[in-house]
Amino acid sequence: MEQEFLNEGTTIEYKKAQDGVPKSFWETYSSFSNTEGGTIYLGVSEEKQGCVVTGVKNANQYIQTIVDTANDKKFTNFNNIYNSNIKVLKEDGLEYIKIYIPEVKSENKPLHVKNNINNSYIRRNDSDHKMSGEEIRRFLRDADPKSDSELLSNFNIDDLDLDAVKKYKNLIHERNSDMDILSMDNWEFLKRYGAVGKDRIENEFKLKKGALLFFGKEQAILDVFSKFPFRLS
């Protein structure tokens, strides 16, 4: 058995994959891309006694399916499959596939699948976990940090989830209990803590793009980030 067959973990995943490329491949593809990168083995099963090569039939067909799917913009927002990272290996006459998935740049996160940003995954230990709405928001903010301060026209307090604003006010109050935070008007509170900025040309205060991602109602977020078909949970 090859020494590279370590236990499954943050950067290693084994899939038996005897009946074609499994759907779970794409969940791991997303999670590795959004986390630290990692290697997926197709045709290898992790058993109690260790890793067992079960093999795949027609490895080239598997690879073609993966390459075509990753290149389909209707399926995923970013192609993170590179030919140089794909290897077909043999053991005991059985072929198996080793695919390295690198971590993508922040500007391409969250990498999602099935044409829906809700199908964004991150890797925790040896498992793929679907991102929460807040995690998706965080990745979107990190993707373009300079745009956080962009002022949005035609958006106001009605476009915000006031429960989210209230939670943030409570958090600030806990850290600054000597200040009268809770009684502050919501818009004035957002101005004081940087979620709202002044447009010097139009001489009015406007909501910042980063604040909309953090506090916004779903439809308002969709109006700004319309390229993502998603429903934040």
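The values are calculated or read from the model by the stated rules, or taken from the named source; none is laboratory data. In this text, all values refer to a predicted model and were calculated from it rather than measured experimentally. Backbone-built Cβ (ideal geometry, glycine too); neighbour counts: all protein chains shown.
Can you confirm whether residue 33 is in contact with an Asp or Glu (Cβ under 8 Å, 6 or more places away or on another chain), buried (at least 17 other Cβ atoms within 10 Å of the Cβ) and either β-branched (Val, Ile, Thr) or modelled with pLDDT of 95 or more (or both)?
yes
Taking the stretch 95-109, which residues are modelled with pLDDT of 95 or more and crowded, with 16+ Cβ neighbours inside 10 Å?
Passing the criteria: 95, 96, 97, 98, 99, 100, 101, 103, 104.
Restricting attention to the stretch 1-26, report how many residues are surrounded by 14 or more Cβ atoms within 10 Å (Cβ to Cβ) and modelled with pLDDT of 90 or more.
Residues that pass the stated criteria total 14.
Hey, residue 92 hits all of (1) modelled with pLDDT under 95; (2) of a type in the set (Asp, Glu); (3) crowded, with 18+ Cβ neighbours inside 10 Å but one; which does it fall short on?
Among (1) modelled with pLDDT under 95; (2) of a type in the set (Asp, Glu); (3) crowded, with 18+ Cβ neighbours inside 10 Å, the lone unmet condition for residue 92 is (3).
Inside the stretch 66-88, can you point out the residues that are out of contact with any Asp or Glu (no Cβ under 7 Å at 6 or more places or on another chain) and outside any loop (DSSP other than H, G, I, E, B)?
66, 67, 68, 69, 70, 83, 84, 85, 86, 87
Out of curiosity, is residue 117 closer than 30 Å to residue 207 by Cα, part of a helix (DSSP H, G or I) and at pLDDT below 95?
no
Out of 213, 162, I need the residue that is hydrophobic (A, V, I, L, M, F, W, C), under 28 Å from the mean Cα position of the chain (by Cα) and more than 30 Å from residue 108 (Cβ to Cβ). Which one?
Values: 213 fails: more than 30 Å from residue 108 (Cβ to Cβ).
It is 162.
For residues that are assigned to a strand (DSSP E or B) and among the β-branched types (Val, Ile, Thr), tally how many sit in the stretch 158-197.
1
Give the stretch 172-209 a look and list any residue that's under 19 Å from residue 137 (Cα atoms) and either among the aliphatic types (A, V, I, L, M) or buried (at least 16 other Cβ atoms within 10 Å of the Cβ) (or both), or say none.
If the condition is that a residue be under 19 Å from residue 137 (Cα atoms) and either among the aliphatic types (A, V, I, L, M) or buried (at least 16 other Cβ atoms within 10 Å of the Cβ) (or both), then 190, 195, 196, 207, 208, 209 are the ones that fit.
Looking only at the stretch 20-55, which residues are assigned to a loop (DSSP other than H, G, I, E, B) and under 16 Å from residue 69 (Cβ atoms)?
20, 21, 22, 23, listed by residue number.
Filter the stretch 31-55 down to the residues that are within 26 Å of residue 121 (Cα to Cα) and of a type outside the set (Gly, Ala, Ser) and list them by number.
Pass one, the stretch 31-55, residues within 26 Å of residue 121 (Cα to Cα): 31-47, 51.
Of everything in the stretch 31-55, those that are within 26 Å of residue 121 (Cα to Cα) and of a type outside the set (Gly, Ala, Ser) turn out to be 32, 34, 35, 36, 39, 40, 41, 42, 44, 46, 47, 51.
Could you list, in sequence order, all residues of the stretch 146-157 that are assigned to a helix (DSSP H, G or I) and of a type outside the set (Gly, Ala, Ser)?
146, 148, 157
Given the options 162, 212, name the one that is of a type in the set (A, V, I, L, M), out of contact with any Lys or Arg (no Cβ under 9 Å at 6 or more places or on another chain), surrounded by fewer than 19 Cβ atoms within 10 Å (Cβ to Cβ) and farther than 30 Å from residue 13 by Cβ.
Every option except 162 fails the conditions.
So, in the stretch 131-145, how many residues would count as being buried (at least 16 other Cβ atoms within 10 Å of the Cβ) and either outside any helix (DSSP H, G or I) or touching a residue at least 40 places away in the same chain (Cβ under 8 Å) (or both)?
Total satisfying the criteria: 6.
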